[in-house]
1. Could you tell me whether segment 42-53 includes any residue that is within 22 Å of Val360 (Cα to Cα), within 16 Å of the ligand (Cβ to nearest atom) and at pLDDT below 95?
2. Only one residue in Phe333, Phe375 is within 16 Å of the ligand (Cβ to nearest atom) and within 29 Å of Ala52 (Cβ to Cβ). Which one?
3. Any residue in segment 171-200 that's free of Cβ contacts under 8 Å to residues at least 60 places away in the same chain and in the same structural domain as Ser234 (by TED's automatic domain parsing): show its pairings with residues that are within 15 Å of the ligand (Cβ to nearest atom) and charged (D, E, K, R) at Cβ separation under 6 Å, as long as the two are six or more apart or on different chains.
4. Restricting attention to segment 108-166, report how many residues are assigned to a loop (DSSP other than H, G, I, E, B), in contact with a strand residue (DSSP E or B) (Cβ under 7 Å, 6 or more places away or on another chain) and closer than 21 Å to Thr177 by Cα.
5. Would you mention how many residues in segment 1-39 are crowded, with 16+ Cβ neighbours inside 10 Å and within 16 Å of the ligand (Cβ to nearest atom)?
6. Name the residues in segment 79-107 that are within 16 Å of the ligand (Cβ to nearest atom), outside any loop (DSSP other than H, G, I, E, B) and out of contact with any Leu (no Cβ under 8 Å at 6 or more places or on another chain), would you?
7. Looking at segment 246-256, is at least one residue assigned by TED's automatic domain parsing to the domain that holds Ala179, in a loop (DSSP other than H, G, I, E, B), of a type in the set (Phe, Trp, Tyr) and farther than 19 Å from Pro329 by Cβ?
8. Residues being away from the ligand (no atom under 16 Å from the Cβ) and assigned to a loop (DSSP other than H, G, I, E, B): count how many of those fall in segment 196-244.
Amino acid sequence: MKINKNYSKLEENYLFTEIALRTKRFCDANPDAPVIKLGIGDVTLPLPEIAADAIITAFEELKHAETFRGYGPELGYHFARKAVTDYYKNYGVQLDDGEVTIGDGIGSDIANITDIFEKSANTVLVPNPVYPLYKATSLMDNQKIVYIECTAENNFLPAPPDFPSDIIYLCSPNNPTGATFNFAQLQAWVDYANSCSAVILYDNAYERFIEESDKPHSIFQIDGAKTCAIEFGSLSKTAGFTCVRSGYTVVPFALKSDGILLNRMWQQRQTTKYNGAPYPQQRGLQAALSPAGITQADRNIAEYKKNSALITNVLNEKKVFYTGGKNSPYIWFRCPNGMSSWDFFDFLLNKVNVVGTPGVGFGSCGENYFRLTTFNTCVATKEAMERIRGIL
Ligand code: MLT
């Protein structure tokens, strides 16, 4: 047996696993500590009612012989794929249903799509800091990683480099910094990718949080994106599906390499290695993306945005440098007194029993930064920020 030795290049624990382990250790040692979790971006509000009802109805159908279903189509039911293409019309983007596949969330699809790229053969641009999955999967595949620095100096919004690459990960609104490309900035990335025949893997998990009209909700709003981009969408943060699991991936027919359609390759990959997302989840997705579903989901997002204000009010008062919170559910701020990210994590947990996410866990440029999520309840967030106010 020859194992994939590239796994030895990974961190000992994935970031959110490490945070959960440290939190558990602390809670075991301090069982009465009133710990508040503003670490992993996990939702707390219930599903939009229309989505929950659709899921329940779907399970009910499975209970009866007349409506029971077995295997579904691996790439997604037509009703779900159409729900996605209809949703994109809100942003003026026309897609063919065949360009959309339904999955169980961005994490899996953005990792699984790497199957269609040759291992050890691609130069991959990974923003630093960014959601740690992109680096981890690139390491597993032994790709050559080039980090692109996102710092306060470039407002955490890097411009394309002056050298070619093959695969580019972009996440906008960005996790963790909340920085969001405007149309012109994203156009520059699309032009760059087309100029060197690279593909952009565009993580669009947080688009529903965008407030500013100069920021695109999809990379396909940008001219030329269909020949260079794959977009990943998720219901996790939009409609509270972190438990339900549902997402979609758009691989345009116009995206080719050496005349081969990447859409075809992704279909081959999925029909071979994946049996399709569960039917009830797809009914949930369909309902959540309907106009009524979006209205209900946006109500939840508005609630989370109140937490943004609770967090940023304290940071403003204490004159702490921060970004995010406007177009994204994360607030990214500089640790006080030049503390390292992990030192501040331990300090916060021990002193005021609040869990956050150390910025360095998203990349070396995140050192001395810290991320708080707005996804907890208003009551818990208010309490956490009262405690944090006392130590800043
Ligand atoms: C985060 O906290 O960065 C994300 O919620 C984690 C995830 O989506 O896997």
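1. Keep residues of segment 42-53 that are within 22 Å of Val360 (Cα to Cα), which gives 42.
Imposing the further condition that a residue be within 16 Å of the ligand (Cβ to nearest atom) reduces the set to 42.
Going one step further and asking which of them are at pLDDT below 95, we end up with none.
No, every residue in segment 42-53 fails to be within 22 Å of Val360 (Cα to Cα), within 16 Å of the ligand (Cβ to nearest atom) and at pLDDT below 95.
2. Values: Phe333 fails: within 29 Å of Ala52 (Cβ to Cβ).
The match here is Phe375.
3. Pairs that qualify, where the first residue is free of Cβ contacts under 8 Å to residues at least 60 places away in the same chain and in the same structural domain as Ser234 (by TED's automatic domain parsing) and the partner is within 15 Å of the ligand (Cβ to nearest atom) and charged (D, E, K, R), are Cys171/Asp203.
4. Quick first cut of segment 108-166, residues assigned to a loop (DSSP other than H, G, I, E, B) only: 117-122, 129-132, 141-143, 150-151, 155-166.
In the following step, the residues that additionally are in contact with a strand residue (DSSP E or B) (Cβ under 7 Å, 6 or more places away or on another chain) were identified as 117, 122, 130-131, 143, 150, 156, 158, 161, 165-166.
Of the ones still in play, those that are also closer than 21 Å to Thr177 by Cα are 130-131, 150, 156, 158, 161.
Going through segment 108-166 one residue at a time, the tally reaches 6.
5. 10
6. As a first pass, look at segment 79-107 and keep what is within 16 Å of the ligand (Cβ to nearest atom): 103-107.
Add one more test, that the residue is outside any loop (DSSP other than H, G, I, E, B), and what stays is 103, 106-107.
Correct list: Gly103, Ile106.
7. First, pick out the residues of segment 246-256 that are assigned by TED's automatic domain parsing to the domain that holds Ala179: 246-256.
Pick out the ones that are also in a loop (DSSP other than H, G, I, E, B) and you get 246, 251-255.
When the remaining residues are screened for being of a type in the set (Phe, Trp, Tyr), the result is 253.
In the following step, the residues that additionally are farther than 19 Å from Pro329 by Cβ were identified as 253.
Yes, because at least one residue in segment 246-256 is assigned by TED's automatic domain parsing to the domain that holds Ala179, in a loop (DSSP other than H, G, I, E, B), of a type in the set (Phe, Trp, Tyr) and farther than 19 Å from Pro329 by Cβ.
8. The qualifying residues number 16.
The values are calculated or read from the model by the stated rules, or taken from the named source; none is laboratory data. The model shown is predicted, which means the values in this text are computed figures rather than measured ones. Heads up, the Cβs are rebuilt from the backbone with ideal geometry, glycines too, and the neighbour counts pull from every protein chain shown.
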